[in-house]
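Laboratory data are not the source of any read-out in this text; all were calculated from the coordinates shown. Remember, it's a predicted structure, so these values are computed and weren't measured experimentally. For neighbour counting, all protein chains shown are included, and Cβ atoms are generated from backbone atoms with ideal geometry for every residue, glycine included.
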Ligand code: UDP
């Protein structure tokens, strides 16, 4: 059963990384489009200010807790979040899954060239990984034209998994707007994960991550970009979140998107990949770099 915890009216799935990967595997095998969100305190802030964004997150098929404060806040609930599940770790776990199953992935977003660099890093780390394509749109504020280009590239590449790194809330709105047209089984918003994987931004050491101080580490690296987000915008939300957790407030959880594929989950672990064998004929594989925008 899908179990979610309500944090400031945003619903987060109670899963660890292994359960998330198993669910993503089932999503791919279902061949229907699914939206995966990697949420942190900034998402809760954005959601509390924008009902549209909150609706997108609460309607998503899987919402992961990509922030220790979410885990801390859940600990006094009857259904605490088991652990943090980060976007970076999910990309790597999905890359491993993709090699095992023969799935292909598409990397979309970040600054020009970064998606391509990320693909190279992943291919080195996971030999045999099929990259359906990469594309980093040239401008931060995408014009309609760029939007069309992104959609056409992804549609042509037909990946099994699409990682979108436009930052929140843009990536979630983009996935929601184009999900049906793209017809990709798994679309996941991953924020600044490509920058970390490509090595443009250093990831915090594990002990810093475990203590929930990764935001401080990121702030030290990019103070100009992040001080307002973390100190001005997110700190008051963090305080509200901890107060809600102390009060133990709960709100009924809407079940608009139950895991329709959950009954296939156990089977899927033992089944051959659904798309095995049709990769050569039907699926146009774009070599890494074909979509490089630079
Ligand atoms: N980005 C983008 N297009 C935009 C805005 C941002 O491709 O219009 C990219 C940006 O280059 C960075 C990521 O989106 O790689 C944003 O990362 P951010 O740090 O905001 O996300 P977080 O990891 O904090 O959720």
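So for 8, 108, fewest C-beta neighbours within 10 Å to most, what's the order?
Least to most surrounded, the residues fall as 8, 108.
Output the relative contact order of the stretch 4-255, whole-number percent, from Cα pairs under 8 angstrom with separation of 6+ residues.
25 percent
With a cut-off of 8 Å between alpha carbons and a minimum separation of six or more residues, what is the relative contact order of the stretch 58-127 in percent?
Relative contact order, the stretch 58-127: 22 percent.
Once the Cβ-Cβ distance between residue 9 and residue 225 is put in as r, and R0 is 22 Å, what FRET efficiency do you end up with, to the nearest 0.05?
For R0 = 22 Å, the calculated efficiency reads 0.20.
To make sure I understand, if each residue's beta carbon is the centre and we count other beta carbons within 10 Å, what order do 215, 207 fall in, fewest to most?
207, 215
Ranked highest first by average number of other Cβ atoms within 10 Å, how do 75-81, 94-100, 160-166 line up?
Result, highest mean first: 160-166, 94-100, 75-81.
Rounded to the nearest 0.05, what FRET efficiency do residue 206 and residue 76 give with R0 = 25 Å and r taken as the Cβ-Cβ distance? Could you check?
In this case the efficiency is close to 0.45.
Rank the residues 14, 187, 83, 150 as a footprinting-exposure proxy: fewest other Cβ atoms within 10 Å of their Cβ go first.
83, 14, 150, 187
Can you divide the C-alpha Rg of the stretch 4-255 by 2.2 N^0.38 Å and report the result to two decimal places?
Dividing the Cα Rg of the stretch 4-255 by 2.2 N^0.38 Å gives 0.96.
Two decimals, Cα atoms only, Kirkwood Rh: what is Rg/Rh over the stretch 117-186?
Rg/Rh: 0.96.
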